[in-house]
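Throughout, read-outs are computed from the coordinates displayed, never taken from laboratory work. This structure is a prediction, so every number in the text was calculated from the model and none was measured. When we count neighbours, we look across all protein chains shown, and the Cβ atoms used for this are built from the backbone with ideal geometry, even at glycine.
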2 protein chains.
Amino acid sequence: MWDLWMRRALALAALAEGRTSPNPLVGAVVLDANGSLVGEGFHARAGEPHAEVGALAQAGDAAQGGTLVVTLEPCCHHGRTPPCTQAVLKAGLARVVVALEDPDPRVAGAGIRELRQAGLDVISGVLNAEAAEQNRAFLHRVRTGRPWGVLKWAMGLDGRTALTNGASQWISGPSARAWVHRLRADSDAVIVGGGTLRADDPLLTSRGQRTPEPLRVVLSRSLDLPAGAQLWDNRVAATLVAHGPEVAHRPIPAGPERLTLPACDPEALLLELARRGCNRVVWECGAELAAAAIRQGCVQEVMAVVAPKLMGGTAARTPLADLGLERMDQALVGTLLPPTPIGEDWLLRLHLSA
Amino acid sequence: MWDLWMRRALALAALAEGRTSPNPLVGAVVLDANGSLVGEGFHARAGEPHAEVGALAQAGDAAQGGTLVVTLEPCCHHGRTPPCTQAVLKAGLARVVVALEDPDPRVAGAGIRELRQAGLDVISGVLNAEAAEQNRAFLHRVRTGRPWGVLKWAMGLDGRTALTNGASQWISGPSARAWVHRLRADSDAVIVGGGTLRADDPLLTSRGQRTPEPLRVVLSRSLDLPAGAQLWDNRVAATLVAHGPEVAHRPIPAGPERLTLPACDPEALLLELARRGCNRVVWECGAELAAAAIRQGCVQEVMAVVAPKLMGGTAARTPLADLGLERMDQALVGTLLPPTPIGEDWLLRLHLSA
């Protein structure tokens, strides 16, 4: 019977998609003792009030004897804001309905226990799968210490990402290109390799749909970077040039921040980006770096935009270089979600199996 | 108001999908003077009665003053069976509702004119687009002299049709492989090149879902064919080995029929297959022959089965070899139909623009 309200709370949480890192997405509704809606809230960004607090503030005295429906277990520790369990207890609620336990080791069920011990009726696990799906990036980062990796590419139906001569503008249509800006707005960082930078001189922003813009990252083996590039203009968005210790002596262009990793590989980069609070990153790179990211488990989800085109070309670029497979049963498998149309293109999403 | 009955007639026509060549698919219903259904029929195969005749026979006297709803204009010429217009007039109908004019130059509107001149109310063009879609293979063959070409492949989401070492069994799941048998059952011929024959020794049948099985065709440049192959056993299904005049002196294995074409190319083959009454063929070939077929306009529709897998491999096989494109605006474009699930795979269909 709580599904309907939990769906509303999930919809509220989704309003801040991509803007709460390193925190999770959380939404909450408060019902009065008669079951009428008296408060709504969501977590807008780190440092701002948690969803429960906003919803309870809106409800005021009407929350007395009522129900809080919240997508994530209320926290019971002092972070940048006081524990939510205190606010819940102070509001005089009779019941709390939760979708997902908070995997943060400082919470991990302790919030629910505290509320139960105080005599509240706590119902946990309502729309658990939907809530886990919504917060998959946060949950993955807490569990693995790396951000959730999305690998995005656009291709013709025959799997080509460029013509033989390298031409690739444009494979997908204007709607799909606008969708990419949205994808970046929902992410904390966008990663390319030196090859993509040299070939495309991309801007890699959300075109203003996110403030601040996601961090733009170049992972470069050689630091053989162009002196002029759109990415070096850090008035538009911050840029990070990451590389291995082998090239630590080489200069980089003025503008971007520099990061020397213990090794020039996707895993080392993601550990650092998680440390900086990234829940979700988008790989918008070429076939070699994409394959390396997959081999190191740095991709959880592939988003392939398929254009209604045939491009051909035996030597033309493809989405992925070698994965080192020798038998079909070694292929990386996952689940293809139902495709969605984007203009004349179709988006195919593959959730890779863990 | 006739849409509902025309949909029923189209559904009847579809019962013979792939089995009427060189004839079109046709379905018909007969309503009595009160609008009640009194007869149904469809064209089952060439040489057997036309759809109208079956439906009128079932209706008997109840057709008097009634309506015939038929997906294709009744024929007005003697073919293997007498003109349908005669049967329609004899039945004493008041009205005929037609979806599509028959493009056969012996009909082409003359059937409708004959009925109108006899005083019947003829309504033409009801669900015209749906009827044209259903009979696209027949219509294409009548207009161009070539069968409708379907190019089928299975790939990972990254566009690979094999691993680097050539392994390709299996990319798609059991449901998709059963679907391929169905696809063949709906077609008149299945075409491979010598490379696919040598690599896979395929059977290329519908596994008994069509009688007779579709013609199996090998288009071979070199006639460098294995002495033993499943295709040579013509007790299972007929096989045709087609080649150019350059290798006309070379022997072929016992079993298959031999056809020397004016040139070893897809177009020459399709002209001959149309002459033999094929409305629809399936290309199940490798990247080189597939690209050649596309370049010669021998592919109208691509059916790509996308498996929930990543395979990678810079040198791994892909669906299409060179199409000779130098700019993105030269890419072959079409319309991607809404994808349909087949087990864990998804079928993407591209109708190429004419």
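Whole angstrom only: what separates the Cα centroid of the stretch A:304-332 from the Cα centroid of the stretch B:47-78?
52 Å
Residue by residue, what Karplus-based ³J(HN,Hα) values in Hz, rounded to whole numbers, does the stretch A:223-235 have, using 6.51, -1.76 and 1.60 with θ = phi - 60° and x for Gly and Pro?
Using θ = phi - 60°, the values come out as 6, 7, 10, x, 5, x, 7, 4, 5, 6, 7, 7, 6 Hz.
Mean separation of Cα pairs under 8 Å and 6+ residues apart, divided by the residue count of chain A: what relative contact order is that in percent?
15 percent
As a test of the definition: which semi-axes, in Å, follow for the stretch A:228-354 when you take the square root of five times each eigenvalue of its alpha carbon gyration tensor? Largest first, please.
Semi-axes, largest first: 29, 20, 16 Å.
Using label points projected 7 Å from each Cα along Cα→Cβ, tell me how many nm separate A:Gln230 and A:Ser36, to one decimal.
Going from the A:Gln230 label point to the A:Ser36 one covers 5.3 nm.
Which residues' amide hydrogens lie under 5 Å from the amide hydrogen of A:Cys278, considering only partners 5 or more residues apart or on another chain, with H built in the peptide plane?
Placed amide hydrogens put nothing under 5 Å from A:Cys278.
Between A:Gln117, A:Gln134, A:Gln58, which gets the highest mean-square fluctuation from a Gaussian network model of chain A, Cα cutoff 10 Å?
Between A:Gln117, A:Gln134, A:Gln58, it is A:Gln117 that shows the largest mean-square fluctuation.
Hey, which residue of B has the C-beta nearest the axis mapping B onto A, and what's the distance in Å?
Measuring from each Cβ to the axis, the minimum is at B:Gly159, 1.
For q values of 0.08, 0.09, 0.13 Å⁻¹, compute log₁₀ I(q)/I(0) with the Debye formula on a Cα-only model of the stretch A:140-352, without solvent.
The Debye formula, applied to the Cα set alone, gives -0.27, -0.34, -0.73.
Per residue of chain A, what 222 nm ellipticity follows from adding -39500 (n - 2.57) for every DSSP H run with n ≥ 4, rounded to the nearest 500?
The helix-only estimate for chain A comes to -7000 deg cm²/dmol at 222 nm.
Label position 7 Å from Cα toward Cβ: report the copy-to-copy distances for B:Glu288 in nm, one decimal, ordered from shortest.
Label-point distances to the other copies, shortest first: 2.9 nm.
Mind running the shape call on the stretch B:3-134? Use the C-alpha gyration tensor, a ≥ b ≥ c as the square roots of the eigenvalues: rounded below 1.5 for a/c, prolate if a/b tops b/c, oblate otherwise.
rounded
Ordered shortest first, which distances in nm separate the 7 Å Cα→C-beta label point of B:His249 from those of the other copies?
6.8
If one computes the Cα centroid of the stretch A:220-253 and of the stretch A:117-168, what distance in Å separates the two points?
The stretch A:220-253 and the stretch A:117-168 have Cα centres spaced 28 Å from each other.
From the label point of B:Leu89, set 7 Å from Cα along Cα→Cβ, how far away are the matching label points in the other copies, in nm, ordered shortest to longest?
9.6
Quick check: pseudo-label points 7 Å beyond the Cα along Cα→Cβ at A:Arg182 and A:Thr144, how many nm apart are they?
Distance between the two pseudo-spin positions: 2.5 nm.
Any aspartates and glutamates with Cα under 18 Å of the A:Lys309 Cα? List them, leaving off those in the same chain fewer than 8 positions away.
Those aspartates and glutamates meeting the cut-off are A:Asp158, A:Glu344, A:Asp345, B:Asp158, B:Glu288, B:Glu301, B:Asp322, B:Glu326, B:Asp329.
Step through the residues of the stretch A:329-334 one at a time and calculate ³J(HN,Hα) from phi using the Karplus curve (6.51 cos²θ - 1.76 cosθ + 1.60, θ = phi - 60°), rounding each to whole Hz and writing x for Gly and Pro.
6, 8, 4, 6, 10, x
Which value in nm describes the separation of the simple spin-label points at B:His78 and B:Glu257, placed 7 Å from the Cα toward the beta carbon?
If labels sit at B:His78 and B:Glu257, their model points lie 2.8 nm apart.
For chain B, modelled as a Gaussian network with Cα springs under 10 Å, which listed residue fluctuates most, B:Leu215, B:Leu225, B:Leu12?
In the Gaussian network model the winner is B:Leu225.
Looking at the stretch B:139-352 only, what percent of DSSP beta bridges run antiparallel? Nearest 5 please.
30 percent
Per q in 0.07, 0.08 Å⁻¹, report the Debye log10 I(q)/I(0) for the protein assembly as shown, using one uniform scatterer on each alpha carbon and no solvent.
Cα-only, vacuum Debye calculation for the protein assembly as shown: -0.65, -0.80.
Run through the DSSP bridge list for the stretch B:13-171 and note the antiparallel percent, rounded to the nearest 5.
50 percent
How much of the DSSP beta bridge set in the protein assembly as shown is antiparallel, as a percent to the nearest 5?
Taking every DSSP beta bridge within the protein assembly as shown, about 40 percent pair in antiparallel fashion.
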